[in-house]
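What follows draws every value from the coordinates through simple rules; no lab data is involved. Computed from a predicted structure; not experimentally measured. All Cβ positions, even for glycine, are placed from backbone atoms using ideal geometry, and neighbour counts span all protein chains on display.
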Amino acid sequence: MKILITGGAGYLGSVITKHFLEMGHKVTVLDNLIFKQTSPLNFTYDENYKFVYGDVRNKRLLDHLVKSNDVIIPLAAVVGFPACKADPVLAKEVNYDQIVNIINYGSTDQLILFPNTNSGYGIGNPGEECTEESPLNPISVYGETKCAAEKYILENAKGICFRLATVFGSSPRMRIDLLVNEFVYKALTDKYITVFEKNFKRNFIHIQDVANVFVHALNNYDSMKGNVYNVGLSNANLSKQELLEKIKSYIPDFAITYSDYYEDPDKRDYIVSNAKIEATGWMPKYSLDMGIEELIKTYQVIIPTMNFQLRNGFPLGYANNM
């Protein structure tokens, strides 16, 4: 199939692109390379890969690309509450207006796979899992624009929408600001971390499993279309404190301080049920433990001068010095 991925040079897109190319699909990536990333270089050898430099707000370009593809995966987004709060107009144009335009330019025969965030649940009831039927309560511009886009897709295109848990893991366009990625990075570099609102809970999912769920949905589109699915690790509804204790079991040489002196501006606090997506036959393959070990190796590559310890007591890169 011919697949268009907007924002396909980003953190998620770089991994999802690889999966679809390996399946033999033709992938076109539209991206403005705002972070000067070079992740498309991983795929330029593949004759089924096409890169288009451009902005999703360019309606003429978007119209042409939508009409030229069978599957649309709109990953382009202004991500996170700080960036969206800083420029809410841009957030609406990219996160919501892009989706409206894609549907208006497309046809009923096209397939749409849309990544929302489960941050739309906002603040959940203590001890109560958020299901796909739980009311959405976005508490940021980011959550509001993404949830509005999801609603528009379900009402007008019968696409498949994923409410993704907080993603972790490595990508050719690496992000260190995501919670697990950031905590592991700080544990290895700063050797200490101060955390506010230690009991706030979130759900987590590995980036490879995000790619896997897109593949699963494309392969089962007829039975899954018109639905929304939570996508996360069912055994990883963790508080910040529980997450840090898990990381500390792999990187013991760092200090953790819990403080209530300041409030975390990110007020998300909820646990999530992933039973609906699991009932379709999809299950995650990557655990949180696997992700932490992967990230330790990743940061060895990103900052090769760092000399931190693995659990076996040897410095990273030890074998290269023997």
Quiz item: Treating the beta-carbon of each Lys and Arg as +1 and of each Asp and Glu as -1, no other charges, what is the dipole magnitude of the chain about its Cα centre, to the nearest 20 debye?
Solution: 540
Exercise. Of the listed pairs Lys158/Lys285; Lys186/Lys240; Lys191/Lys297, which have alpha-carbon separations greater than 20 Å here?
Key: Lys158/Lys285
Quiz item: If you take every DSSP beta bridge whose two residues both sit in the chain, what share of them, in percent to the nearest 5, is antiparallel?
Solution: 10
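Shape verdict for the stretch 77-146, please, from the Cα gyration tensor: rounded (a/c under 1.5), prolate (a/b greater than b/c) or oblate.
It comes out oblate by the Cα gyration axes.
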Self-check item: Rounded to 10°, Cα long-axis angle of helix 141-156 versus longest principal axis of the chain
Solution: 40
Practice problem: Within the stretch 1-88, report the trypsin sites (Lys or Arg not before Pro) that DSSP leaves as loop and that have at most 11 other Cβ atoms within 10 Å. | Solution: Lys36
Quiz item: Hey, what number do you get for the chain at 222 nm if only DSSP H runs of n ≥ 4 count, each worth -39500 (n - 2.57), divided across all residues, to the nearest 500?
Solution: -10000 deg cm²/dmol
Exercise. Find which of Asn237, Asn199, Asn227 sits farthest along the positive direction of the dipole of the stretch 196-248, computed with +1 on the beta-carbon of Lys and Arg, -1 on that of Asp and Glu, about the Cα centre.
Key: Asn199
Practice problem: Report the longest stretch of the chain that contains none of the GluC sites (Glu not before Pro) sitting in a DSSP loop with at most 10 other Cβ atoms within 10 Å. | Solution: 134-262
Self-check item: For the stretch 30-46 versus the stretch 240-293, the gap between their alpha-carbon centres in whole angstrom
Solution: 30
Quiz item: Using the alpha-carbon atoms, what tilt in degrees (0 to 90, nearest 10) does helix 207-219 show relative to the longest principal axis of the chain?
Solution: 30
Self-check item: Shape category assigned to the stretch 97-202 from the gyration tensor of Cα positions, a/c cut at 1.5
Solution: oblate
Self-check item: Environment charge at Ala77 (Cβ cut-off 15 Å; Lys +1, Arg +1, Asp -1, Glu -1)
Solution: -1
Quiz item: Based on Cβ point charges of +1 for Lys and Arg and -1 for Asp and Glu, what charge dipole magnitude is obtained for the stretch 228-306 about its Cα centre, in debye rounded to the nearest 20?
Solution: 280
Exercise. Calculate how steeply helix 11-22 sits against the longest principal axis of the alpha-carbon atoms of the chain, using the helix alpha-carbon long axis, and give the answer as 0 to 90 degrees to the nearest 10.
Key: 60
Quiz item: Where the only charges are on Cβ atoms (+1 Lys, Arg; -1 Asp, Glu), what is the dipole of the stretch 193-254 about its Cα centre, to the nearest 20 debye?
Solution: 140
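If you take the square roots of the eigenvalues of the alpha-carbon gyration tensor of the stretch 1-115 and sort them as a ≥ b ≥ c, do you get rounded (a/c under 1.5), prolate (a/b over b/c) or oblate?
Oblate is the answer for the stretch 1-115, as a/c is 1.5 or above yet b/c matches or exceeds a/b.
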